[in-house]
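J.: Quick one: the structure is below, questions incoming.
The values are calculated or read from the model by the stated rules, or taken from the named source; none is laboratory data. Bear in mind that the values here come from a model prediction, so they are computed numbers and not experimental data. Neighbour counts are summed over all protein chains in view; Cβ atoms, including those assigned to glycine, are modelled from backbone coordinates with ideal geometry. Calculation scope for accessible area: heavy atoms of the full protein, side chains included, ligands and nucleic acids excluded. Shrake-Rupley method; radii C 1.70, N 1.55, O 1.52, S 1.80 Å.
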Amino acid sequence: MKKHIFKILFLFALSLSVSCEDATDILQEGELTEDAAYRSLADVQSGLLGVYAAYAPDGGGNGTGNSLYANAILGDNLKAGLASNGQGAQDYNYVVSFTSGSIPHNIWNNRYVTINFANRVLGVLDRLTFTGEELVEANHIKAQLLAIRALCHFEVVQYYTTDYSNPNTLGAINMDFVPETADVFERNTVSENLTFIKEDLNTALTLFDPSNETNDNPIWISEDFVKFLKLRIALTEGDSSTANITLANELLADYPLASFGEYIGMYLDVDDTEVIFKLSRVVGDAGVAQLFYFNFPGTGDGFLEMSNELFNLLDAEGGARRQAFVNSASTVVGLNDPANELLINKYPGSAAGQAINDFKMMRASEVQLIKAELQARNNMFADAATTIQELRTARGSATATPTSYTNLNVALTDIMLERRLELCYEGHRWLDIKRVGPELGIGLSRNSADCASFEGVCDISSSDFRFTLAIPQDEINGNTAISQNPQY
């Protein structure tokens with residue numbers, strides 16, 4: 001069953017149940033409460049679908065958006081398109097805004113809305129009684145809710161924490177309950193966040209039903225989703241334990257790297273060989289391509305285009321990524337020429353629509369990259385180089401990996417390059433620079449032709465406070481206990 005079926009009905013019902021308390025807390029006649037809305041396992045299942053529907057890292061369009069857009073526009077993989085009317089110029093130039101509609105607002109609001117929805121359904125599960133097969137299914141639903149709640153908390157930590165390595169730094173607000181309207185909260189520390197997130201994930205692992213039919217479909221959260229998220233968290237918190245290399249190998253055994261043809265098919269939504277989890281996008285949903293195009297991927301329609309710098313790297317290596325990521329209608333006038341029309345093709349459309357694609361959030365190739373970084377951080381330099389070469393070979397790359405990684409900096413620099421190529425426009429690049437840049441002594445450094453397309457900023461130091469997002473103004477206004485991040 002497609003997860004969007006109950007989206008409108010669920011969100012309408014939920015909007016009634018989460019409306020603000022009036023001054024006298026009077027229950028109006030005919031009001032739909034949570035107890036009335038959720039009476040059966042089928043009701044809870046519809047609630048789960050609504051939680052999936054709420055989570056939208058790929059949301060936005062026409063110069064605004066969520067985390068996928070943020071990592072593209074704040075990084076070095078975009079330039080202004082030939083059809084640009086200035087979309088994204090403020091964000092590209094790091095002009096600070098944290099009002100409604102800004103990147104900080106969109107990411108914070110979406111994650112906490114999703115968390116709130118998940119907590120409401122979790123609360124219902126605690127009130128209802130199930131037995132037998134229904135209990136098994138209810139536990140499987142609960143596992144998914146805990147996993148997506150953990151994901152949302154972790155992403156808030158990634159974007160709004162100044163220093164992942166400092167356990168006492170402020171991060172996210174841990175929310176495992178539905179707050180009252182007048183409640184105010186300070187953010188928890190990173191240490192408290194990670195403990196909370198890991199507890200959710202570990203509990204989820206005890207609740208999944210291994211025989212559930214959804215486990216074989218990557219549009220549903222499964223045990224493998226949790227294992228993958230544990231690896232992402234390990235990189236962020238600096239846990240280079242070899243146990244995480246073992247976990248990566250377990251996932252790679254079940255999700256092999258896609259072949260050339262499978263890779264092209266994956267972005268057309270016809271192949272899931274290496275997809276661990278993706279967000280299903282169907283007819284009626286907004287298209288991911290609308291983050292870059294007015295209507296559809298094609299000449300003359302892109303208000304945001306691939307940066308010359310990224311194109312030059314992909315063009316030099318050739319292979320599957322060059323074919324999959326660069327639209328064939330692109331025009332290359334010359335090296336870094338302002339007239340180059342470099343059309344992004346990572347979301348080329350599908351049977352669901354000319355701008356609609358599933359958003360592949362977790363793939364085997366990212367596991368391969370995480371494995372390489374973990375190996376490098378354990379001084380397994382030859383193994384790390386081999387792991388990267390395996391990925392490049394699978395992509396048909398003409399670029400040979402270094403014969404050896406002589407030290408950690410050399411290894412991390414090459415792995416960062418590979419992450420940039422493989423994970424472009426998937427919501428990683430800016431976070432990667434934030435996480436690894438200070439260690440390598442590098443910040444954001446854009447090709448001069450690319451930043452000139454926006455008459456914009458070419459270089460941002462890794463120590464710049466803007467690598468941590470501001471707490472949005474709406475949250476500050478409604479939550480007097482919360483602390484803003486430094487220098488905002």
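J.: When both residues are 6+ apart or on different chains and their Cβ atoms are under 9 Å apart, which pairs have a first residue that lies in region 215-241 and is under 27 Å from Y160 (Cα atoms) and in a helix (DSSP H, G or I), and a second that is among the hydroxyl-bearing types (S, T, Y) and at pLDDT below 95?
T.: T236/Y164; E237/Y164; E237/S165
J.: Tell me yes or no: at least one residue of region 245-253 is of a type in the set (S, T, N, Q) and surrounded by fewer than 21 Cβ atoms within 10 Å (Cβ to Cβ).
T.: Yes, region 245-253 contains at least one residue that is of a type in the set (S, T, N, Q) and surrounded by fewer than 21 Cβ atoms within 10 Å (Cβ to Cβ).
J.: Looking only at residues that are of a type in the set (D, E) and touching a strand residue (DSSP E or B) at 6+ places or on another chain (Cβ under 6 Å) in region 438-488, which one is farthest from L408 (Cα to Cα)?
T.: Only one residue tops the list, namely D450.
J.: Also, quick follow-up: Here is a list: T129, T162. Which entry is part of a loop (DSSP other than H, G, I, E, B), out of contact with any Gly (no Cβ under 8 Å at 6 or more places or on another chain), open to solvent by 30 Å² or more (accessible area, probe 1.4 Å) and in contact (Cβ under 8 Å) with a residue 40 or more places away in the chain?
T.: Result of the check over T129, T162: T162.
J.: Still on this model: What pairs come out if I take residues in region 338-349 that are without any contact (Cβ under 8 Å) to a residue 12 or more places away in the chain and within 14 Å of E426 (Cα to Cα) and pair them with residues that are open to solvent by 10 Å² or more (accessible area, probe 1.4 Å) and assigned to a loop (DSSP other than H, G, I, E, B) whose C-beta lies under 7 Å away, six or more apart or interchain?
T.: Taking only residues 6 or more apart or on different chains, not a single pair turns up.
J.: Select from region 465-484 the residues that are in a loop (DSSP other than H, G, I, E, B) and in contact (Cβ under 8 Å) with a residue 40 or more places away in the chain and list them in ascending order.
T.: T468, L469, A470, I471, P472, N479, T480, A481, I482, S483
J.: Within region 279-289, take every residue that is of a type in the set (A, V, I, L, M) and surrounded by 18 or more Cβ atoms within 10 Å (Cβ to Cβ) and give me the one that is nearest to the chain's Cα centre (by Cα).
T.: L279
J.: Related question: Could you give me the residue pairs with C-beta distances under 6 Å whose first residue belongs to region 132-156 and is touching a residue at least 40 places away in the same chain (Cβ under 8 Å) and within 14 Å of E199 (Cα to Cα), whose second residue is hydrophobic (A, V, I, L, M, F, W, C) and not in a helix (DSSP H, G or I) wherever it lies, and which are 6+ apart or on separate chains?
T.: Going by the 6 Å Cβ cut-off, the qualifying pairs are A143/F208; Q144/I221; A147/I221; H153/A172.
J.: Do we find that G81 is surrounded by 24 or more Cβ atoms within 10 Å (Cβ to Cβ), on the phi > 0 side of the Ramachandran plot and modelled with pLDDT of 95 or more in this structure?
T.: In short, no.
Here's the yes/no breakdown for (1) acidic (D, E); (2) out of contact with any Pro (no Cβ under 9 Å at 6 or more places or on another chain); (3) assigned to a helix (DSSP H, G or I):
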residue: S97; (1), (2), (3): no, no, no
residue: V113; (1), (2), (3): no, yes, yes
residue: V121; (1), (2), (3): no, yes, yes
residue: R149; (1), (2), (3): no, yes, yes
residue: L194; (1), (2), (3): no, no, yes
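J.: Might you let me know whether region 362-375 holds any residue that is touching a residue at least 24 places away in the same chain (Cβ under 8 Å), closer than 27 Å to T161 by Cβ and open to solvent by 20 Å² or more (accessible area, probe 1.4 Å)?
T.: Within region 362-375 (the criterion being touching a residue at least 24 places away in the same chain (Cβ under 8 Å), closer than 27 Å to T161 by Cβ and open to solvent by 20 Å² or more (accessible area, probe 1.4 Å)), the answer is yes, since at least one residue qualifies.
J.: I want to confirm something. Restricting to region 290-347 and keeping residues that are among the β-branched types (V, I, T) and not in a loop (DSSP other than H, G, I, E, B), which single residue is most open to solvent (accessible area, probe 1.4 Å)?
T.: Among them, the one singled out is T331.
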